[in-house]
1. Leaving out ligands, DNA and RNA but keeping every protein chain, what accessible area does B:SER154 have, in Å² rounded to the nearest 10, with a 1.4 Å probe?
2. Okay, helix-only estimate at 222 nm for chain B: each DSSP H run of n ≥ 4 adds -39500 (n - 2.57), divide by all residues, round to 500 deg cm²/dmol; what do you get?
3. Whenever you get a sec, line up B:GLU109, A:GLU71 from highest to lowest accessible area (probe 1.4 Å, protein heavy atoms).
4. What is the dipole size for the protein assembly as shown, taken about its Cα centre, with +1 at each Lys and Arg Cβ and -1 at each Asp and Glu Cβ, in debye to the nearest 20?
5. Compute the whole-percent fraction of alpha carbon pairs in the stretch B:23-131 spaced more than 16 Å apart.
6. Would you rank A:ARG100, B:ARG80 by solvent-accessible area, highest first, keeping every protein chain in place and using a 1.4 Å probe?
7. Can you compute the helix-only [θ] at 222 nm over chain A? Use -39500 (n - 2.57) per DSSP H run of at least 4 residues, normalise by all residues, nearest 500 deg cm²/dmol.
8. Taking the solvent-accessible surface of protein heavy atoms with a 1.4 Å probe, what is the per residue accessible area of the protein assembly as shown in Å²?
Amino acid sequence: MNPGKTEQLKTENKNGEMTYILAWAMLVALTAITVGVYTLHLGTAGVAIALVIASLKAGVILLFFMHLRQESRFLQSVFLLPVFLLGAIIGLTFIDVWYR
Amino acid sequence: MERHRDDIGARTGMWLFLFTEILLFGGLFMLYSMFRMQHGAEFHKAAENLNRIAGTTNTLVLITSSLAMALSIAAIRRGRKAASVALQATTVLLGCVFLLIKYFEWSTEIGRGIYPNSPALLKLDHGEILFYGLYFVMTGLHGLHVIIGISVISFMLVSTAKGNITSTDHVRLENSGLYWHFVDTIWVYLFPLFYLVT
């Protein structure tokens, strides 16, 4: 009758309010770091660091706020599909533009 | 009669929709990276004019709104209806604060004569025109998503208050949360790409 019941309990145990608050604190800290790194004006390295930090923040949101951590293996694998697809499209276009 | 329910199916559907959204924004991110590669210096020059404090504040506003959203779902799971409603209201309020700050930013730029196809904009270098074009389209499309998110969460807020979203039946609220967190994730990338251009 209620297919979500057991899974719901699992979620409840793993996602205390504390988990969310810690995830939020991590996001605030990463925001501070990325602004701090910007003020150093590192040029190209700065771009790479900013993107790595942004991806770490996206990871925190996906895993904790969006509960991707507790989703089925299937959904976790399927999630990689658009990410890889986008990576491939951007990567290949980059190569095309670079060697034009 | 028991209403048909499939929470896992509903969430999977939402994720599939979000995948298409990743690719929608992804195309714009691709354009951004190609043009930035070709016009790095102009991108830097144009980005200097954006309000970094407003951008950083908006980042913190969205992160905090996401926290409120996550907590509202935790609250309804425990059957705390009033707390859940209050937290959803907080999310909506913070979403409005985000839009208000964005409104002031856009007003400043438009006040300087910088808006798509404006005479002042067309006098700038090619790279700067591209930067502002991407800035208006990408933050505009993101802003549209924020407006949709606010509308959906407002609807959920009313449903929760009416008792239609409960501790055992809240997949709609979860899916609204997924959408809101996705919108937050997009901003996580937009922020350094537009406000922190070295």
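1. Result for B:SER154: roughly 40 Å² accessible.
2. Details: 7 runs with 163 residues, N = 198.
The helix contribution divided over chain B gives -29000 deg cm²/dmol.
3. Details: B:GLU109 5, A:GLU71 30 Å².
Putting B:GLU109, A:GLU71 in descending order of accessible area: A:GLU71, B:GLU109.
4. Details: 22 positive and 18 negative charges, 117 e Å.
That gives a dipole near 560 debye.
5. On the way: 4139 of 5886 pairs.
Distances greater than 16 Å cover 70 percent of the Cα pairs.
6. Values: A:ARG100 200, B:ARG80 125 Å².
From most exposed to least exposed: A:ARG100, B:ARG80.
7. Details: 4 runs with 76 residues, N = 100.
One gets -26000 deg cm²/dmol as the mean residue ellipticity at 222 nm.
8. Working: 13990 Å² over 298 residues.
Dividing the accessible area of the protein assembly as shown by its residue count gives 47 Å².
The values are calculated or read from the model by the stated rules, or taken from the named source; none is laboratory data. Keep in mind the model is a prediction, meaning the values are calculated, not measured. Reconstructed Cβ throughout: ideal geometry from the backbone, glycine too, with neighbour counts over all protein chains shown. Heads up: the accessible areas ignore ligands, DNA and RNA and are worked out on the full protein's heavy atoms, side chains in. Shrake-Rupley method; radii C 1.70, N 1.55, O 1.52, S 1.80 Å.
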